[in-house]
Amino acid sequence: MLSALLLLYSVLTFAQSREVTGTVTNASGQPIPLATVKIKGARAGTSADQNGVFTLKIAPQTTLIISAIGYENKEISAGDRTSFSVQLSQDNKSLSEVVVTALGITRDKKAISYSTQTVNAETIASGGRSNLVDDLNGKVAGVQITNAGGQAGAGTTIVIRGYNSLTGNNQPLYVVDGVPIDNSAEQGSGYAYNVPTANRAIDLSPDDIESLTVLKGGAATALYGIQAANGALVITTKKGRNGKLNIEFGYGHSLAKANKFPAFSHGFMRGTGGAYNTVTTNNWGPTASSNPVFPAGTDLDLVGTGVPVDVSGQKIPYYPDNYKNFFVNGNTNKYNLALSGGGDKTTYYVGLSRLDQDAIVRNNTYGKTSAVLNLTTQVSPRLSITTKINYINTGGLRFDAGRMMNGLAYYVNTWDITAFPWKDPFGQETWWQKTISSPMWSVHEGGERYKINRYIANIGADYKLARDWSVNYRYGLDNYSESRRNVDPIGTLSSWATNYLGQMHEVRVNSLQVNSELMLNYDHQFGEDFHLHGLVGQNVFYHKYDVLDITGTSFVLPDLFDITNTQTQTIYHSSYQKQTLGVYGDLQLSYKDFLFLEGTLRNDWSSTLPRNNDHFLYPSVSAGFLFSDFLHQDWLSYGKLRASYAGTANDAPVNALTTAYTSVTPTVFANTRFSYPTLVGNPNLKPERTTQQEVGLDLGFFKKKIFLEATYYSKKSFDQIIKAPTSDATGVTQQYLNLGETTNKGIDATLTFKDVIKAKDFTWTSAFNFSKNVSKVVRVGDNGNDKVILLDGTFGAQNSTAEIDAQKGQHFGAIFGYAWQRYGVNETDPNYTKAPILLGASGIPVTSPGKVLLGNTSPDFILGWNNSLTYKHFNFGFTLEWRKGGDVVNDMNNLLTYSGKGILTQNRYYSATYAGANSTKTYVGVDDQGKAKTGTPVQLTKLWYTGTFKNIDENYIEDASWWRLRNVYLGYSIPESVLRPLHVKGAEISVAGRNVWLHTKYTGIDPEVSSAGSGPNGVVGIDVNSVPATKSWDVSLKVKF
Amino acid sequence: MKLIFRILLLIVSGAFVLELSSCKKTLDNLASYNVNENQPLKASSPTLLTAAEFSGVMADEGSFISATSAINGGGDGDGFFGIFNGHMAGNHAQGVDFNQYILKHGDFQFLFNDAYATSLMNLKLLILNALPNEGGFVGIAKILEAYQLGYLTSVYGDIPWSQALDVNKYPQPKYDAQLAIYDTVQTFLSEGIAWIKAAKASSTSTAITGDIIYNGDLGMWTAAAYLLKARFYNHFSKKDPTGSATSALLMVDSAKLAGFTANGDAGNFTLPYDGLTQYTQNPWYGMYANGMLVANLPFLDSLMSQNDPRLNAYFSSIDGVGGSNTFGLGKVISGNVGTGKYMQVGPDKWSYYGQATSGELLATYPELLMIEAEAAFRLGNTTRAATAHNAAVTDQINTVLSLPASLAADKAKVAAYVAKYASETSGSITLEKIMTEKHKLMFTLEGESWMDVRRTDYKYPSWLTIPVANDTIPSPVPVAASFIQRVLYPQSELDKNTTNVPAATIFDKIPILQ
């Protein structure tokens, strides 16, 4: 339909015209779909189809201007030729002439009056990550991307312009070739909630992607309706083109390492109170430098035979690097093969890709196979049909990060983790802690094997009704099924509760999305000055989801990991359906080439809302004014002022209108239990609303060599459906209410210097991406009930008591927790921790009675600096990223304080006679009259650390600011002269490094990592048992035939 | 003109599409998708009863014990009250904190959550929706409500009730005075007894199913109701020594008449565990694996020095340093961690309390006899006091040694122990003896045992002391000037019911003890 639509654009009659045809390709001969072809000095033009092919009627001696997303414009003089082959070179400043907007409508960049940003194929594919969203880091303004850590196949969250929803979804809509796809994030199975399940957009193969456009604001996404309430990522995949067969083959290998480890205390051995101890997992033992020996009567298995022997008097071994040594080098192999071509009527693109990843965690694997077929058929001059089928298979073996990392934190330094067997000859764990499994056992004997089969299929038809009129229809299916088997075999210590007989989960998930979109387009040029484009459309969206999770407890026979081989089974089942209907209209009007107006209107009906209040209407208007057309200044080649207003809305979660009893499993003495839920439904829910304004300024200087795009936005979300907390004494803890209100204000800006230096063979293009968002929680409850907990210990095995909250008056994601008690300040004061510490009669600080504001997770800003340099056949580039501000709770360090392993316990006090560990600390503060006071020296004993210090969450709040080299690459294109004799069209070798340099004051692992997985809420900020992030070096080869 | 025509055409065609899709039938159909496919909108009395008994009541007496383990819903209360009354000592983490009176509001979230949101809410709905022939269910539900409220008020004093469990009307329920709560508790117990009486008299009553506590035995429920009435009257020993003793003795008589006639554990008010999964096993079993709570040294010392036959039924040993198997190197109350062999409620097959399938005691016949002894003593009837005291000790010892695997060596100690500690006469019986022996036999009933200790101002047993911060220094300093009197209201109440939650420190006595 796109091609048809744009074809209409150009149906303008010219006197004495003749028809010419052309093909637009990129430097490597790949077709550039939907390139814009204009006649210089006239208003006429056309656009290429999916295969880069265009036809146009032109007058003799015309000059054509060809432009496309992410490429430099090219002018060609038509002369009297009737066919052209146009090759465009890549435009590194990411400023394209044509952008894909909502519903896949391609528009002239200058005609749109809201902020979008496009990332092209090369950028995404060269990123080389398995999750394409990870490659957007530092390259798009206005987004915050957080990866779930170093396990293979882990999820990533992306939040555009701040969090809209307090307790609901905050993830954008992913649209592939005009059809929304499922990006749901799976809940981990049962007890294994720390298994890092992915967001389903990970299934897309980056190699098949032509371009990705981020639609940020309401005006940009209004036409998508409720699904895009948090913005949209509009992805266009590669298409075939008319011509002979093109073959492209790519191979890449990547070597990954953990990029940062937590800071540990050093020099202390296992033990208690300065003495060695055989039962503890803590490092409160002797100093290693004192060369201690095992005390008399110590029986220990030092070699993994399963038989403790008397080791009294032997020197105690000391292996301080077990944490680091647990991780290995990760290896990834990527293969991809693309075939494309076609005839006059039909073109095709076939993409095959395979990714095999071995992570930095032993045995942690991830694999992805993707096969895609894109077919475009011009059935008749009026009708064209596009078909797309994408099959994806992913799977691997992953681990419960909570258990594994907790076990690793407990691994004491008496054994060498790499050499000490994790099980003895009798098959038992060689491990001293009775309820936590050795991390080595976890990754060698247990884990979750999973497999996902996914089909994404679309069929679309574009029909040209009449001059200026076209209709198109698109039907899309997205279905995936997942099976998981999570096994703890007999002997697993974590299954202590059932006599170490192990347990397993057998999980089946099935999800189906159906999307139907019908659109009628009208496009007309009125005289020389007015251009009108209008459309009306209708959308039906259906989603069905079903998960069945069977927990089997206690294996009967060993080594048979089947659910029928367990003594007790508990079943969890959840399923739902949802449907929305939408109708919409869009009217775009432009006057001459400098004034652009657009208005949209959409009405949605949703099955999740009450029947009497099940629909909502929302408008958007935007306007752009190209003032540079009046200034005629050479230095200012482009100047545009734009503004937009949009209302968007969102529906309710499924089944939120009723209150249903919950089956409490398992049965007890075979009695089934039903319990009233803790979250009650609300039959009177209304849609959530957001209004957004944005104003923007686009300035191009010196023929757009310097280009600035800056947008200020302000949005207000109200009537938000929240799980409003209620006093537990009401018998429930939460109820669905329409009462949340938040605001987000911010700036996103890109500044591009194209060809900063351009010499004969050398070019350098540099671009900055800046994002700043300030959120504020205006209302979350009534009657002084002003807080919704977004993340705390109830979401995982957290050690500290810090929580991430939506608290009235604070930024979204405020961190609350216990602090040292302060003097002369109320606990509700946001500056509580800036007041002096209260030192009572004892001269020792104490815990604040309640939780106070300790920080906030939102960064002050994020700045990305992208550079690309070319010299002859070489290209080089890097992205440097600076995130300023924002705090993170170093929860891991809380656990490490407890066990005497964290850096905060480096100074300690054992006894008056102990050499090397007799530190004290004197706190300075005020007495209870507010008079300055120097406290009593505190002996830094274990009791102090674990009884007092550890309970002060304030001690674990750290600045998450960082500088990082997000990526750096060097590529070499083998010259054509070398390749031609080999019948090779192109070949490129490149070396790239990702995340290879990181500078941060954060003492834990990479502060970018989230511990909350990739859930729809996307709330991050507590570093609990996270697997370290990775840095990697890649080599890749691309050959085109 | 042409332009206007085209715009009109656009609008008309748009309206047409709109008209098509706004067709009423389509939209009615739309609403039908939003149906909960997995969960019922109504639940039956038996399913609610099991939920209230096992997910709710269990939470108080059961999962409280399971410390940091998320397995039974987390939390730690009843077991941890054992620290405050001297049965237990904290061995690490939160255990050590509690041992030093370091309490945070956040530590007690589960207490309200389990009581109100799980137990009381389901009981309320059971009572509200019970069928006419389900009067027995209503009776049981009333008794459980009374148990739950009595338990909570003994920990907190004032708690929400008159405005509780009605989120639409009272999103922030006020706190009722403790005396009013005790009135409600007694009323509910009386009503429960009456409902059960009527149900037993009615020929149309359905059999009780889903009752894992007494398996539908309404007679035992009546007995348990009287036992609880006796317990809660006796809580008034300071406020109204005579009246509380008189009422308690009446209830003791009624409880015996109603069913507590036989010795042994058949009649004890006990929550059982099937032990089949980690979610349905006795939480002490999990606590043993975690090791956070161990035997308090003075308590252990007293059991050992008195040659108490219950030692192995109470405690299993758990690995300590160095391989010594000698009992007695248990944890001292001050929190000096990691030296020696610990004793814990554990999984030995002769353990009465700590096996995966051991029941969790809520109220017992020996407790009833001790209430009788204490109340009779208060009224000057020392003969009755001595008799009840002796019977209580004997019965409880016999019960905890009644397992098939109970050790013969332990049984052999019974006679000597009974001769020394359960052979009181009207002349020899004292309050100290009653409360000291009661303290021993209330093992694991920590909430109520702590109430006994607080009622008697921490005088009995005599070895109770305020914990010290660090016992390794020459003159250890107590962590506080006085004994702990209550735990803190949950942080969730400070957050969500800010205006109503009373201010109280852990040293403020609950009203009934003031």
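Quick look at the numbers
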item	result
Solvent-free Debye scattering, log10 I(q)/I(0), computed from the Cα coordinates of the stretch A:419-487 at q = 0.21, 0.22 Å⁻¹	-0.92, -0.96
Interface area, B with A, accessible, probe 1.4 Å, both sides summed, Å² nearest 100	7700 Å²
All lysines inside 17 Å of A:Lys38 as judged from Cα atoms, apart from same-chain residues fewer than 8 positions distant	A:Lys57, A:Lys74, A:Lys109, A:Lys110, A:Lys592
Long-range tail of P(r) for the stretch A:459-582 (Cα pairs > 26 Å, %)	54 percent
Partner chain coverage, peptide B:168-177 - average Cβ within 10 angstrom	4
Around A:Asn283: net Lys/Arg minus Asp/Glu count, Cβ-Cβ under 14 Å	+3
Prolate/oblate/rounded label for the stretch A:754-803 (Cα gyration tensor, a/c 1.5)	oblate
A:Lys40 accessible area, 1.4 Å probe, all protein chains in place, Å² to nearest 10	110 Å²
Share of carbon and sulfur in the accessible heavy-atom surface of the stretch B:185-276 [1.4 Å probe, %]	58 percent
Accessible area of A:Phe530 in the full protein assembly, 1.4 Å probe (Å², nearest 10)	90 Å²
Positive-end residue of A:Trp944, A:Ala960, A:His999, charge dipole of the stretch A:921-1041 with Cβ unit charges	A:His999
Solvent exposure, largest accessible area first (probe 1.4 Å, DNA, RNA and ligands not counted), of A:Val778, A:Val143	A:Val778, A:Val143
Computed log₁₀ I(q)/I(0) - Debye formula, equal Cα scatterers, no solvent, the stretch A:625-677, q 0.20 Å⁻¹	-0.83
Whole-number D in µm²/s for the stretch A:357-497 (Stokes-Einstein; Kirkwood sum over Cα pairs; 20 °C, 1.002 mPa s)	112 µm²/s
log10 of Debye I(q)/I(0), alpha-carbon scatterers only, for the stretch A:769-829 at 0.13, 0.15 Å⁻¹	-0.45, -0.59
Rg(Cα) / (2.2 N^0.38 Å) computed for the stretch A:792-937, rounded to two decimals	1.48
Total formal charge among the other residues, if their Cβ is under 12 angstrom from that of A:Leu970, Lys/Arg +1 and Asp/Glu -1	-2
Rounded percent of accessible protein surface that carbon and sulfur make up, chain A, 1.4 Å probe	57 percent
Per residue Cα convex hull volume in Å³ - calculated over the stretch A:914-1031	240 Å³
P(r) tail fraction, the stretch A:267-388 - alpha-carbon pairs more than 26 Å apart, %	58 percent
Accessible area of A:His531 in the full protein assembly, 1.4 Å probe (Å², nearest 10)	20 Å²
The stretch A:664-770 pair-distance distribution - Cα-Cα, 5 Å bins, rounded %	3, 9, 11, 10, 9, 8, 7, 7, 7, 6, 6, 6, 4, 3, 2, 1, 0
Cross-link reach list, lysines versus B:Lys169, counting only Cα pairs under 22 Å and skipping chain neighbours closer than eight places	A:Lys686, A:Lys723, A:Lys787, B:Lys42, B:Lys124, B:Lys496
Per residue accessible area of the stretch B:86-223, 1.4 Å probe, in Å²	31 Å²
The stretch B:181-281: translational diffusion in µm²/s, Stokes-Einstein, Kirkwood Rh over Cα pairs, 25 °C, 0.890 mPa s	163 µm²/s
Net charge of neighbours whose Cβ lies under 15 Å from the Cβ of A:Ala78, counting Lys and Arg as +1 and Asp and Glu as -1	+3
Unsatisfied cross-links (Cα-Cα over 30 Å) in the set B:Lys200/B:Lys229; A:Lys705/A:Lys872; A:Lys1001/A:Lys1038; A:Lys745/B:Lys174; A:Lys716/B:Lys25	A:Lys1001/A:Lys1038; A:Lys745/B:Lys174; A:Lys716/B:Lys25
Listed residues A:Leu880, A:Gly864, A:Thr913: farthest to the positive end of the dipole of the stretch A:853-936 (Cβ charges)	A:Thr913
Considering only the protein assembly as shown, percent of DSSP beta bridges that pair antiparallel, nearest 5	95 percent
Cross-link reach list, aspartates and glutamates versus A:Lys901, counting only Cα pairs under 14 Å and skipping chain neighbours closer than eight places	A:Asp321, A:Asp891
Cα-only radius of gyration and Dmax that characterise the protein assembly as shown, units Å	36.3, 131
Sequence of B:Met251, B:Met451 when ordered by accessible area, the most exposed leading, probe 1.4 angstrom	B:Met251, B:Met451
The stretch B:384-514 shape via C-alpha gyration tensor axes, a/c threshold 1.5	prolate
Heavy-atom accessible area order for A:Lys772, B:Lys200, largest first, 1.4 Å probe	B:Lys200, A:Lys772
Listed residue (A:Gly585, A:Gly700, A:Thr435) projecting farthest to the positive dipole end of chain A, Cβ model	A:Gly700
Per residue convex hull volume, Cα atoms of the stretch A:590-634, in Å³	80 Å³
Per-selection Kirkwood Rh - the stretch A:568-712 (Cα, Å, 1 d.p.)	20.0 Å
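The values are calculated or read from the model by the stated rules, or taken from the named source; none is laboratory data. What you see is a predicted model; the values in this text were computed from it and never measured. Positions of Cβ are backbone-derived with ideal geometry, glycine not excepted, and every protein chain shown enters the neighbour counts. Surface accessibility is based on the protein's heavy atoms, side chains included, excluding ligands, DNA and RNA. Shrake-Rupley method; radii C 1.70, N 1.55, O 1.52, S 1.80 Å.
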